[in-house]
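Here the structure is laid out as structure tokens; the discussion comes afterwards.
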Amino acid sequence: MPDNRLTQTEASLNPAVTQMVNIKIDGIELQVPKGENIIESAKRAGVDIPYFCYHPRLSKGDAANCRMCLVDVFAPRRAPDGTVSLAKMPKPQASCTLPADEGMVIVTDSEAVVRDRKGVLEFLLINHPLDCPICDRGGECPLQNNAIFYGAATSRYTEEKRHFPKAYPLAENVVFDRERCIHCARCTRFTEDISGDAQLGFLKRGADMEVGTFEHTAYKSKFSGNVIELCPVGALLSRSYRFKARPWDLHSQRSVCSKCSNGCNIKIDYRLDSLQRINGRINEAVNEEWTCDKGKFGHSYVSSEARLKTPMLKTGGEWKAIDWTEALQILVGKLRDANGSVAGIGGQRCTNEDNFAFQKLFREVLKSNDIDSRVEGYLGSVNKPLYERFGYHAMGNAIAELEDMKTILVLGSQLVDEQPIIYLRVRKAYRFKGATVINAVSSVPEDSPKVGDFAQLELVYKPGTEAALLKGILSVLSAEKLASVNGFAKGYTLEKAAEETGVSAEAIQQAARLMATGKLAIIAGREVANHANHLEVVQAIGDLAEATGNAQNINLPGEDVNSQGAADMGVLPDFAPGYAPLENPGKNTAQILQAAADGSLKVLWVAGAKLLEKFPNRELAQAAFASDTFIVVNELTMTETAQAADLVLPAASFAEKEGTFTNCERRVQRIHKAFDISLEIKPDWLIFSEVATRMGGGGGSFFSARDILKAISAQVPAYAGLTAKSLGDEGVRWNYPDK
Amino acid sequence: MAIRNLLFEHREVAGIEEMDVYEKLGGYEGLRRAVTLERQAVIDDVKTSGLRGRGGAGFPTWIKWNGIPKNTDKPHYLICNADEGEPGTYKDRELMLKTPHLLVEGMAIAGYACLGTAGYIYIRGEYVEPAWQIRKAIDQAYKKGYLGKNIMGIEGFNYDLYVHMGAGSYECGEESALMSSLMGERGNPRLKAPHAPLPVHEGVWKSPTLVNNVETYCAAAWILKNGGAEYAKLGTERSKGTKIISVSGHIAKPANYEVEMGTPLLDLLKAAGGVTGGKLKAVIPGGSSVPIMTADKLDKINLDYESCAASGTMLGSGGFMVFNDTTDIVLLMKRTSEFYMHESCGKCTPCREGTRWLFKILDRITSGGGREGDIELLLDICSQIDGRSYCGLGDAAAWPIVGAIKAFREEFEYWIEHKRSPIGDHAVPPTPVVVNPLLTLTPA
């Protein structure tokens, strides 16, 4: 397999030295790290250098092609007699790839540079259709902006322009206008450097050159949406947003993606009450600036016609729209009659505020501990797998810390589907930082991108044999004296592991040797989370981490947007908010459903959990829903679970409410309300709070999401001191008090 | 100073491409001598010879050889640039076709001096027969122990030689694009110093890489056989030795001529039999990329790097093209610009867009659509390309047009004013047969 790591050539991304050098840009003297690209140094000096192809996150090997950032450079020359003089480089230099060196003098405002910029823009525009009035990018287009600031007023080009049909179908979500393309290679570099599938490349040459996939097949990626934002012109366009709005008609609201637990920072662009598109927002600690296609194109449900806009009551098998007064009356009546025989499931898709209000309502008003946010996977005590041994629950590392690893083991995970942004970080660690990646998984999908595309070693084991594989690795570490291994793997042999897992003994040996070389992070995925013997596998992971000296580098990220926050907020049968143990633990999800199926539960409240779709024991879930238990569901649309309920309450999506999510690395991030779909739709916390108030208040009544956040920061130690202000735009990662 | 056959010494000998004939005539003596020397002494001998790169740029060869780091554990790669694509140049073809062992020997010497792991001869795709000859020579050299493991009995001197055929791109003759192509990537140029490390530090596969032209390696073989001092006796003060000049065009005896550096241009013209079909009008001395020289200036030009540069042209790769007075310079430039448009890799803006624009204007002028201001526009576009492109191809596309306008501006003016050739009816072009459908776009 070719090694695509870039560590040798990317001095700027991977600085070997922290030496500072003195340079001068337009007369401004400044100190910058040696080897930094001059275009970055210019930013420090506040000097604007226009560019198209340059992008700080893309490798510079294929940059410097637009020639927009040319500057005059004077470099010190040492004469044979030792005297140093400044000499102008004979050609203007591309500042986006020029490494800063001691004594360099950069001029960006000379007549020659002004002329060069005009020249490049004239070239770029001769084949550009200039159809700005109908272009999606018009108004937020780097080509427009640079043409206005640096271009000539007219063109001298009178020949025929290049013509292509519009809207070439490049990908499922991306269409391509080849006429507008300025061949900056940002998209092609993105697929090679960032997403790792290297599907886009250049076809043909010279002025006929065009971007495409190598055999004109569809561009199939899980990150294709990013090329739309990367494109400095309107060549790559979103299929769903095309011709929908002009940028200046859009309002933009900062938010956090609701599609998985990575917590990508996004911007919701909307018009009136309808979501038009999702764009990435920069957060260096989380998504840098990327989004995955699930996040970018998966939010059409927010403004869809299918959204519930009034409470729905099932009477005699028929759904009837009712108003909130009636709905709450019925619900409160049922809850009163239940006299404590109530249970709640869900919360992983709700905000921390929703979850906090949820558990307050149950614990303090309804006096029941039978609530659980988990729908699938391990349902035992959350302290058992990792916390009791290592002092943390899910992720030992921050997402950004993965970059610093020497080796990364991805275990039992289709990482790109489960944790797309963690996948990008792993890929970055590999490509730009020289990390070695090992992928251990039970099945390998065909589609790229995936970890296996760049993993040094791929161990494909028989489903369910994760523990055996890990024990095999431990036995190698022990046998080769690579690490001190405790008793766990004693008596376990490499041969046995090879036989049980179906992975060759050599591969296990190689893996063990790679893992013993330094900082190792282990990222475990769905196969581990949903493993029948979850505790055993996690113990083996712990042993491996401990043996190699990486006890703090175990990562078991949750999957739903707020699975971390729901647990933090105590939507668990055995813990109050902040993992404070309860004296009399309640029932977990499986036990609640069993109780409902047995007929011993009066009311079950499901907060956005897709029980029928996701709960592994589907018969039990069906039996629970078929029982006499009164089931109320908060939902956005009529899902299968909602269909099977008795009362459905229309809940607000993440775009319609304030609040906070806690992502898999424990980063608490704010979301902001963008618009209202309907005034009849309420955020979950308000529904819980209104019920609590009608039931007599207690601690469950709140006035606003911010009000709840105040309560959280007062009552949950890990969230102590968090305020809307301190969370800011990039959020705060909470840490365990003893760390 | 005139014809001086060093590399071509044995080109007329029958069977010189075979090992036994080559050895009988002193072949591989250079390698034999080299391996008796220290590696640094070999490089010093090349330094003494004053040999400069024969691919066009004239960079001192020993500096490159000396620049290869001596203490890395990375493999060292040697590349022979045999992607001879410059219009008018065909010297490497003859060297490979007639004396392939000279190149193999030269690369083996360089392999010894630069601790080479493997050598790649990147031959342009159209050079099928030269590649056959080189392959045969490599096979024979392996059999004789001049390549392979422990060469000439020297412990640890392991060196393999491979032939890699290009796929028909002019751009791949550019050093860094050649490296991209060799590694299986698209034949695009790569960043060069000061933006990236020099190839001698980080070339192909991130390893130290030496890239030289066919003629340079062949000259190195001669130098090691006869001694650098011997080579330095030839030529001018700064341009040493000989240079093979490929003479073509309106000339009585078009062929490769190996001349001593500093030979007056007119001497070569005489040696090649003089102009045919009319009076001498112009000469392009170094391949289509270099500025054209009018007949009245030729007596001042000697064939060496400095003299050519002083006259505003370049010795380049030695593609010496002679034109008589039936030549229409505007049509010549249209054909030249069409070549560069077709060969631009498309990577950078000035070259990608500029070369096609140049061609379209010249095409319009020579189709009778010339307008006032076209000449200034051509010059302006050239100045926007020259020095602004990613690699030298853009410069190479701009120089000849600037040179032609400087030397023959009245012909461009004639075309624009009279909508026909200044040369006469016989030179009016037939309607071009358009192969590339994109070129059917008619000028506005």
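The values are calculated or read from the model by the stated rules, or taken from the named source; none is laboratory data. Remember, it's a predicted structure, so these values are computed and weren't measured experimentally. Glycine gets a Cβ as well: all are built from the backbone with ideal geometry, and neighbour counts include every protein chain shown.
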Completion exercise
Note on the range A:478-536: residues in contact with a helix residue (DSSP H, G or I) (Cβ under 7 Å, 6 or more places away or on another chain) and of a type in the set (Lys, Arg) are A:Lys519, A:Arg526
Practice task
Residue by residue through the range A:571-589, note down the ones that are within 20 Å of A:Arg349 (Cα to Cα), hydrophobic (A, V, I, L, M, F, W, C) and surrounded by fewer than 21 Cβ atoms within 10 Å (Cβ to Cβ).
Solution key: A:Ala576
Problem - Counted residues, the range A:286-314 - those being in contact (Cβ under 8 Å) with a residue 60 or more places away in the chain and either assigned by TED's automatic domain parsing to the domain that holds A:Ala171 or more than 11 Å from the chain's Cα centre (by Cα) (or both) - result: 16
Exercise for the section: May I ask you to list the residues in the range A:255-295 that are in contact with a Leu (Cβ under 8 Å, 6 or more places away or on another chain), over 12 Å from A:Ile421 (Cβ atoms) and not charged (D, E, K, R)? Expected result: A:Ile268, A:Tyr270, A:Gln276
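Please return the ranges of helices (runs of 4 or more DSSP H) entirely within the range A:619-730 where 1 or more residues are in contact with an Asp or Glu (Cβ under 9 Å, 6 or more places away or on another chain) and more than 18 Å from A:Gly346 (Cβ to Cβ).
Details: elements: A:640-643, A:684-694, A:705-715, A:724-727.
By residue number, A:705-715, A:724-727.
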Fill in the blank from the handout: Filtering the range B:227-283 down to residues that are among the β-branched types (Val, Ile, Thr) and surrounded by fewer than 20 Cβ atoms within 10 Å (Cβ to Cβ) yields B:Thr236, B:Thr276
Handout entry: Residue that is surrounded by the fewest Cβ atoms within 10 Å (Cβ to Cβ), among those in the range B:181-226 that are small (Gly, Ala, Ser) and at pLDDT 95 or above
Key = B:Ser181
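Looking only at residues that are assigned to a helix (DSSP H, G or I) and not polar (S, T, N, Q) in the range A:139-164, which one is nearest to the other protein chains (Cβ to nearest Cβ)?
So, considering only residues that are assigned to a helix (DSSP H, G or I) and not polar (S, T, N, Q), the one nearest to the other protein chains (Cβ to nearest Cβ) is A:Leu143.
Does the range A:355-375 contain at least one residue that is surrounded by fewer than 16 Cβ atoms within 10 Å (Cβ to Cβ), touching a Gly at 6+ places or on another chain (Cβ under 7 Å), free of Cβ contacts under 8 Å to residues at least 40 places away in the same chain and assigned by TED's automatic domain parsing to the domain that holds A:Arg694?
Here is the first cut: in the range A:355-375, the residues surrounded by fewer than 16 Cβ atoms within 10 Å (Cβ to Cβ) are A:364, A:367.
Retained after the next criterion (residues that are touching a Gly at 6+ places or on another chain (Cβ under 7 Å)): A:364, A:367.
In the following step, the residues that additionally are free of Cβ contacts under 8 Å to residues at least 40 places away in the same chain were identified as A:367.
After this cut, where a residue has to be assigned by TED's automatic domain parsing to the domain that holds A:Arg694 as well, the list is A:367.
Checking the range A:355-375: at least one residue is surrounded by fewer than 16 Cβ atoms within 10 Å (Cβ to Cβ), touching a Gly at 6+ places or on another chain (Cβ under 7 Å), free of Cβ contacts under 8 Å to residues at least 40 places away in the same chain and assigned by TED's automatic domain parsing to the domain that holds A:Arg694.
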Exercise for the section: Considering each of A:Gly347, A:Gly412 in turn, give the residue that is in the same structural domain as A:Ala711 (by TED's automatic domain parsing), closer than 18 Å to A:Cys664 by Cβ and of a type outside the set (Phe, Trp, Tyr). Expected result: A:Gly347
Exercise for the section: State whether the residues of the range A:483-491 include one that is surrounded by fewer than 19 Cβ atoms within 10 Å (Cβ to Cβ), outside any loop (DSSP other than H, G, I, E, B) and in contact with a Ser or Thr (Cβ under 9 Å, 6 or more places away or on another chain). Expected result: no
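Under the condition of being within 12 Å of chain B (Cβ to nearest Cβ) and in contact (Cβ under 8 Å) with a residue 60 or more places away in the chain, which residue from the range A:103-136 is farthest from B:Arg356 (Cα to Cα)?
Taking the range A:103-136 and keeping what is within 12 Å of chain B (Cβ to nearest Cβ), we get A:104, A:112-113, A:115-128.
When the remaining residues are screened for being in contact (Cβ under 8 Å) with a residue 60 or more places away in the chain, the result is A:104, A:117, A:124, A:127-128.
On the way: A:Met104: 36, A:Arg117: 19, A:Leu124: 12, A:Asn127: 10, A:His128: 14 Å.
Among them, the one singled out is A:Met104.
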Exercise for the section: Check the range B:15-36 and report whether any residue there is of a type in the set (Lys, Arg) and closer than 20 Å to B:Arg238 by Cα. Expected result: no
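Can you name the helices (runs of 4 or more DSSP H) wholly within the range B:166-272 that have at least 3 residues being within 14 Å of chain A (Cβ to nearest Cβ)? Walk me through it before giving the result.
On the way: elements: B:175-182, B:214-226, B:228-232, B:265-271.
Passing ranges, in order: B:175-182.
List the helices (runs of 4 or more DSSP H) inside the range B:319-412, counting only whole elements, that have at least 1 residues being away from chain A (no Cβ under 14 Å), free of Cβ contacts under 8 Å to residues at least 12 places away in the same chain and surrounded by fewer than 24 Cβ atoms within 10 Å (Cβ to Cβ).
B:329-343
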Handout entry: Hits in the range A:500-554 (condition: small (Gly, Ala, Ser), under 25 Å from A:Glu376 (Cα atoms) and surrounded by fewer than 19 Cβ atoms within 10 Å (Cβ to Cβ))
Key = A:Ala532
Practice task
Check whether at least one residue in the range A:179-200 is more than 28 Å from the chain's Cα centre (by Cα), part of a loop (DSSP other than H, G, I, E, B) and either more than 12 Å from chain B (Cβ to nearest Cβ) or among the aromatic types (Phe, Trp, Tyr) (or both), and report yes or no.
Solution key: yes
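Return the residue satisfying two criteria in turn: it lies in the range A:108-157 and is β-branched (Val, Ile, Thr) and more than 30 Å from A:Met89 (Cβ to Cβ), and of such residues it is modelled with the lowest pLDDT. Quick ask: steps written out before the conclusion?
First, pick out the residues of the range A:108-157 that are β-branched (Val, Ile, Thr): A:108, A:113-114, A:120, A:126, A:134, A:148, A:154.
Pick out the ones that are also more than 30 Å from A:Met89 (Cβ to Cβ) and you get A:134, A:154.
Working: A:Ile134: 94, A:Thr154: 90.
It comes out as A:Thr154.
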Practice task
Working carefully through the options B:Ala167, B:Ala137, B:Ala141, find the one that is of a type in the set (A, V, I, L, M), surrounded by fewer than 16 Cβ atoms within 10 Å (Cβ to Cβ) and in the same structural domain as B:Thr117 (by TED's automatic domain parsing).
Solution key: B:Ala167
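Have a look at B:Ile134, B:Ile121 and point out the one that is of a type in the set (A, V, I, L, M, F, W, C) and in a helix (DSSP H, G or I). Talk me through it step by step, then tell me what you get.
Values: B:Ile121 fails: in a helix (DSSP H, G or I).
Criteria check complete, one pass: B:Ile134.
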Problem - Unmet requirement for A:Glu29, which otherwise passes all of (1) surrounded by fewer than 15 Cβ atoms within 10 Å (Cβ to Cβ); (2) at pLDDT below 95 - result: (2)
Completion exercise
Apart from one, (1) more than 14 Å from every other protein chain (Cβ to nearest Cβ); (2) acidic (Asp, Glu); (3) in contact (Cβ under 8 Å) with a residue 24 or more places away in the chain all hold for A:Glu29; the odd one out is (3)
Fill in the blank from the handout: Of the candidates A:Ala42, A:Ala94, A:Ala64, A:Ala100, the one satisfying the condition of being crowded, with 21+ Cβ neighbours inside 10 Å, among the hydrophobic types (A, V, I, L, M, F, W, C), touching a residue at least 60 places away in the same chain (Cβ under 8 Å) and within 14 Å of chain B (Cβ to nearest Cβ) is A:Ala100
Practice task
Would you mind stating whether A:Ala440 is modelled with pLDDT under 95 and not in a loop (DSSP other than H, G, I, E, B)?
Solution key: no
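Among the helices (runs of 4 or more DSSP H) confined wholly to the range A:287-384, which include 1 or more residues that are among the polar types (S, T, N, Q)? First the steps, then the outcome.
Numbers: elements: A:293-297, A:324-338, A:352-360.
The qualifying helices (runs of 4 or more DSSP H) are A:324-338, A:352-360.
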